[in-house]
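Note sheet for the following structure.
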Amino acid sequence: MQPPGDDAAPRCPFAGAHAPDAPHVPEAAGDDAQAGWHRAQLDFSQSMSYGDYLSLDPILDAQHPRSPDHNEMLFIIQHQTSELWMKLALYELRAALASIRDDALPPAFKMLARVSRVLEQLVQAWNVLATMTPSEYSAMRPYLGASSGFQSYQYRELEFILGNKNAQMLRPHAHRPAIHAHLEASLQAPSLYDEVIRLLARRGFPIAPERLDADWTQPTRHDRTVEAAWLAVYREPNAHWELYEMAEELVDLEDAFRQWRFRHVTTVERIIGFKQGTGGTSGAPYLRKMLDVVLFPELWHVRTTL
């Protein structure tokens, strides 16, 4: 704005300002950009390389399509990568179980949070598989035989650790004694949530003795003394901060697990509709029934009680 009575043209506030120097662009920009790798090690004849460390050769040679169909590679890789993510989830859950038993909760929080992020990756894996159309899947389905994700022993162990126990689910693995024995041990051991309930008791909450000495081979069922303990935690979170944080980590975990299950259902419905599964299950109806399974019932019910 000009002072009153001054008829001079307004002066540009930037007049006379020195423009910043333009960034220097070297003539051989391509050569300069490449200079960053000149000192990198390029000879690995006597040392371990990236591929050696990750054992990439056997991993990348593990895809063997049985059909001539182009889309089978997607199907194989989606399931193989999901198995790798499940391996990490199980690794973290076992470590979290040990930490909870030792009352070392902060490390367990990190491990459980990581499992929740792994489950997010598993959800995204279904989104990739969902690019397969019904006609594309039909072209390769006859080559699958009776193989089915229902038979994944890592998935079964994941269910067992999270408390969805069912001894009948050992039967598909009877032909592999080592895997069968491993799963049976997981079936008979306390689940993640069982260990958390034991933690509540160690922290002074009056958990019913029959809940603390439950049959570990049975699925988790609601217990009023457990819900009463969680109610006390949620009503005074500052007084029970570690337990409060544990509760929320478990809710995050089950929430992510539910999303994984739901995306499985919708992907199956999108690709095969309501046909029977290759492993003999009812397919989508069976998967929809699994959506009703609640892993940590008191943590969900307490939200209504609060």
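The values are calculated or read from the model by the stated rules, or taken from the named source; none is laboratory data. Keep in mind that what you see is a predicted model, and the values were worked out from it rather than measured. All Cβ positions, glycine included, derive from the backbone under ideal geometry; neighbour counts span all protein chains shown.
The condition of being of a type in the set (V, I, T), surrounded by 18 or more Cβ atoms within 10 Å (Cβ to Cβ) and in a helix (DSSP H, G or I) does not hold for T220.
Scanning segment 140-172 for residues that are among the aliphatic types (A, V, I, L, M) and in contact with a Leu (Cβ under 7 Å, 6 or more places away or on another chain) yields L158, I161, L162, A167, L170. Q168 meets the stated requirement of being within 29 Å of L250 (Cβ to Cβ) and without any contact (Cβ under 8 Å) to a residue 24 or more places away in the chain.
Within segment 150-189, restricting attention to residues that are touching a Gly at 6+ places or on another chain (Cβ under 9 Å) and under 30 Å from A247 (Cα atoms), the residue that is modelled with the lowest pLDDT is F150. None of E227, E242 is buried (at least 16 other Cβ atoms within 10 Å of the Cβ) and modelled with pLDDT of 95 or more except E227.
Residue-by-condition table, conditions (1) of a type in the set (K, R); (2) closer than 30 Å to G283 by Cβ; (3) surrounded by 17 or more Cβ atoms within 10 Å (Cβ to Cβ); (4) in contact with a Phe, Trp or Tyr (Cβ under 9 Å, 6 or more places away or on another chain):
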| residue | (1), (2), (3), (4) |
| --- | --- |
| L144 | no, yes, no, yes |
| E157 | no, yes, yes, no |
| S191 | no, yes, yes, yes |
| I207 | no, no, yes, no |
| E210 | no, no, no, no |
| A247 | no, no, yes, yes |
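Might you check whether a residue that is closer than 30 Å to H240 by Cβ and without any contact (Cβ under 8 Å) to a residue 60 or more places away in the chain occurs anywhere in segment 77-85? Within segment 77-85, none of the residues are closer than 30 Å to H240 by Cβ and without any contact (Cβ under 8 Å) to a residue 60 or more places away in the chain. Contact map, segment 281-304: residues that are farther than 21 Å from Q168 by Cβ and in contact (Cβ under 8 Å) with a residue 24 or more places away in the chain paired with residues that are of a type outside the set (A, V, I, L, M) and not in a helix (DSSP H, G or I), Cβ distance under 6 Å, separation 6+ or inter-chain. Pairs shown: P297/H222.
With the structure loaded, tell me whether E242 is part of a helix (DSSP H, G or I), within 27 Å of D213 (Cβ to Cβ), acidic (D, E) and out of contact with any Cys (no Cβ under 8 Å at 6 or more places or on another chain) or whether it fails that test. Here the answer is yes, as E242 does meet what is asked.
Tally time: how many residues in segment 61-89 are assigned to a helix (DSSP H, G or I) and under 25 Å from L119 (Cβ atoms)?
So the count comes out to 17.
Among the residues of segment 264-306, those identified as of a type in the set (A, V, I, L, M, F, W, C), assigned to a helix (DSSP H, G or I) and either at pLDDT below 85 or more than 18 Å from E136 (Cα to Cα) (or both) are V265, I272, A284, L287, M290, L299, W300, V302.
Identify all residues within segment 266-275 that are out of contact with any Phe, Trp or Tyr (no Cβ under 7 Å at 6 or more places or on another chain) and either of a type in the set (S, T, Y) or surrounded by fewer than 20 Cβ atoms within 10 Å (Cβ to Cβ) (or both); write none if there are none.
Once the filter is applied, which keeps residues that are out of contact with any Phe, Trp or Tyr (no Cβ under 7 Å at 6 or more places or on another chain) and either of a type in the set (S, T, Y) or surrounded by fewer than 20 Cβ atoms within 10 Å (Cβ to Cβ) (or both), segment 266-275 yields T266, E269, R270, G273, F274, K275.
For segment 39-77, the tally of residues that are exposed (fewer than 10 other Cβ atoms within 10 Å of the Cβ) and either in contact with a strand residue (DSSP E or B) (Cβ under 6 Å, 6 or more places away or on another chain) or more than 20 Å from M132 (Cβ to Cβ) (or both) stands at 14.
Within segment 183-223, restricting attention to residues that are closer than 14 Å to D103 by Cβ and among the basic types (K, R), the residue that is nearest to the chain's Cα centre (by Cα) is R198. Just a yes or no: is a residue in segment 97-110 of a type in the set (G, A, S) and either surrounded by 17 or more Cβ atoms within 10 Å (Cβ to Cβ) or in contact with a Ser or Thr (Cβ under 6 Å, 6 or more places away or on another chain) (or both)? Yes, there is a match, as at least one residue in segment 97-110 is of a type in the set (G, A, S) and either surrounded by 17 or more Cβ atoms within 10 Å (Cβ to Cβ) or in contact with a Ser or Thr (Cβ under 6 Å, 6 or more places away or on another chain) (or both).
Can you tell me which residue in segment 131-149 is nearest to the chain's Cα centre (by Cα), limited to those that are modelled with pLDDT under 90 and not in a helix (DSSP H, G or I)?
Selected residue: S148.
Summed over segment 196-223, residues that are closer than 23 Å to L105 by Cα and either touching a strand residue (DSSP E or B) at 6+ places or on another chain (Cβ under 8 Å) or hydroxyl-bearing (S, T, Y) (or both) total 1.
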